Amino acid sequence: VFGADFFTDNRRLPSTADNVPVSGDYLVGPGDEVMIRAWGSIDVDYRSMVDRNGMLNLPKIGSFNVAGVKASELEKHLRGQIGRLFTNFNLSVSLGQLRAVKVFVVGPAQRPGVYTLPSQSTMLSALVAAGGPAPHGSMRKVMLRRDGKIVSELDLYDFLVQGDKSKDIQLAAGDVVVLQAAGARVAVTGAIDLPAIYELKGDSELVREVLRFAGG
């Protein structure tokens, strides 16, 4: 089955990513550690954990809401909030230990279950942790449910063939990654790069699309 070897080769990946740089679009949330240094009119060298209400509490300075702020904008955000109380100061902000999120993988996966993953993890991270789709699981339709709503639908062929991760969104605590049963499949063999069994996304999949998946 096309794509199955990707998950087989990655099944021993570590489940933690403490040393991985934080991406700029990472959303700060409860449980994240923020390291703050300030000098000038205020003198601060402090590590603080974002509390469950999304607030960052700094002794002698105040409490500031940082939940949902992108990592790339956190320093500017805090500079603006602290600037309402103090002037003439310099500020340096970085993220320390990141929170973990507990997510669920259900449906025809190799190892469905509950997984605790680093907070930068995406749908694809959860699929790798679960060993990928089972032999009868779909590569073409993986859904992410959040608060009872479908927030993203991932076609793994887009990633495996083109490297497209636009639908592979960051996970939040309590998310459910839902796999579906595989749809119709066709075998492609002969003088091609990747002879394999390919799953069709629908009744209107064209022959040229399947040949493109197979490398032409």
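For residues in the stretch 129-158 being touching a helix residue (DSSP H, G or I) at 6+ places or on another chain (Cβ under 7 Å) and more than 20 Å from Leu117 (Cα to Cα), which is surrounded by the fewest Cβ atoms within 10 Å (Cβ to Cβ)? Taking the candidates together, the pick is Tyr157.
A Cβ distance below 6 Å, combined with a sequence gap of six or more or placement on separate chains, defines the contacts here; from the stretch 47-74, residues that are among the β-branched types (Val, Ile, Thr) reach residues that are open to solvent by 10 Å² or more (accessible area, probe 1.4 Å) in the pairs Val50/Pro30; Val69/His77. Taking the stretch 187-216 as the range and being more than 26 Å from Ala126 (Cα to Cα), among the β-branched types (Val, Ile, Thr) and open to solvent by 50 Å² or more (accessible area, probe 1.4 Å) as the test, the residues that pass are Thr189, Val207.
So that you can scan it fast, the table gives a plain yes or no per residue for (1) touching a residue at least 12 places away in the same chain (Cβ under 8 Å); (2) outside any loop (DSSP other than H, G, I, E, B); (3) under 16 Å from the mean Cα position of the chain (by Cα):
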residue	(1), (2), (3)
Phe159	yes, yes, yes
Ala173	yes, no, yes
Gly190	no, no, no
Asp193	yes, no, no
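Can you pull out every residue in the stretch 92-121 that is open to solvent by 20 Å² or more (accessible area, probe 1.4 Å) and of a type in the set (Val, Ile, Thr)?
Step one: list which residues in the stretch 92-121 are open to solvent by 20 Å² or more (accessible area, probe 1.4 Å), which gives 92-100, 102, 104, 106-108, 110-116, 118, 120.
The answer is Val93, Val106, Val114, Thr116.
Figure legend. Inter-residue proximity from the stretch 108-124: first residues assigned to a strand (DSSP E or B) and modelled with pLDDT under 95, second residues surrounded by 15 or more Cβ atoms within 10 Å (Cβ to Cβ) and among the polar types (S, T, N, Q), beta-carbon distance below 7 Å, spacing 6+ or different chains. Indicated pairs: Leu117/Ser125; Thr122/Gln170. Of the residues contained in the stretch 39-51, one or more are found to be in a strand (DSSP E or B), of a type in the set (Ser, Thr, Tyr), at pLDDT 90 or above and open to solvent by less than 30 Å² (accessible area, probe 1.4 Å). Sort out which residues of the stretch 171-182 are surrounded by fewer than 18 Cβ atoms within 10 Å (Cβ to Cβ) and of a type outside the set (A, V, I, L, M, F, W, C), and write them in order of number. If the condition is that a residue be surrounded by fewer than 18 Cβ atoms within 10 Å (Cβ to Cβ) and of a type outside the set (A, V, I, L, M, F, W, C), then Gly174, Gln180 are the ones that fit.
Summed over the stretch 159-170, the residues that are surrounded by 15 or more Cβ atoms within 10 Å (Cβ to Cβ) and touching a Leu at 6+ places or on another chain (Cβ under 9 Å) give a count of 5. Only a single item in (1) touching a residue at least 60 places away in the same chain (Cβ under 8 Å); (2) within 28 Å of Thr8 (Cβ to Cβ) is not met by Met143, and it is number (1). The lone criterion from (1) more than 19 Å from Val34 (Cα to Cα); (2) open to solvent by 20 Å² or more (accessible area, probe 1.4 Å); (3) at pLDDT below 95; (4) in contact with a Ser or Thr (Cβ under 8 Å, 6 or more places away or on another chain) left unmet by Phe89 is number (1).
Considering the conditions (1) without any contact (Cβ under 8 Å) to a residue 60 or more places away in the chain; (2) part of a strand (DSSP E or B), Phe86 is excluded by exactly one of them, (2).
The values are calculated or read from the model by the stated rules, or taken from the named source; none is laboratory data. Because the structure is predicted, anything quoted here is derived from the model rather than measured. Cβ: placed from backbone, ideal geometry, glycine included. Neighbour counts: every protein chain shown. Surface areas here come from the heavy atoms of the whole protein model, side chains and all, with no ligands, DNA or RNA. Shrake-Rupley method; radii C 1.70, N 1.55, O 1.52, S 1.80 Å.
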